[in-house]
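The values are calculated or read from the model by the stated rules, or taken from the named source; none is laboratory data. Because the structure is a prediction, the values reported are computed rather than measured. Heavy atoms of the whole protein, side chains included, go into the accessibility calculation; ligands, DNA and RNA do not. Shrake-Rupley method; radii C 1.70, N 1.55, O 1.52, S 1.80 Å.
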Amino acid sequence: MITLYSTEGCHLCEQAYSLLVEAGVQEHVQVIDIAFDDVLFSRYGVTIPVVSTQPVTSTSSEACSVTAYPVIADSVSDESTHSISELGWPFDSADLAAWLKNNGFN
């Protein structure tokens, strides 16, 4: 599963989702609106859009609301996650293709 951290009205997030569609992985994409969760907003508020292979554990049930829509970090670790591969904006189709390939999406 690919998570796209986004928020409503974010034109960069829409561009990122379009790149995911062009890559043919939209059926694997879960869009999370960070505006409804303080933890996610604190983490991604100034870096969205961000694509991730594992969602960050949240304290709010609203953060799991899905709306279909990356700071390049190969892996990030904290107490609530094991290893997260993230790709932060800005990225293009070549960057996304390489990231997808590195994370097992061909």
| request: State the percentage of accessible surface on segment 1-48 attributable to carbon and sulfur atoms; use a 1.4 Å probe and exclude ligands, DNA and RNA. | output: 54 percent
| request: May I ask you to derive the relative contact order of segment 1-60, considering only C-alpha pairs under 8 Å and at least 6 residues apart, and to give it as an integer percent? | output: 51 percent
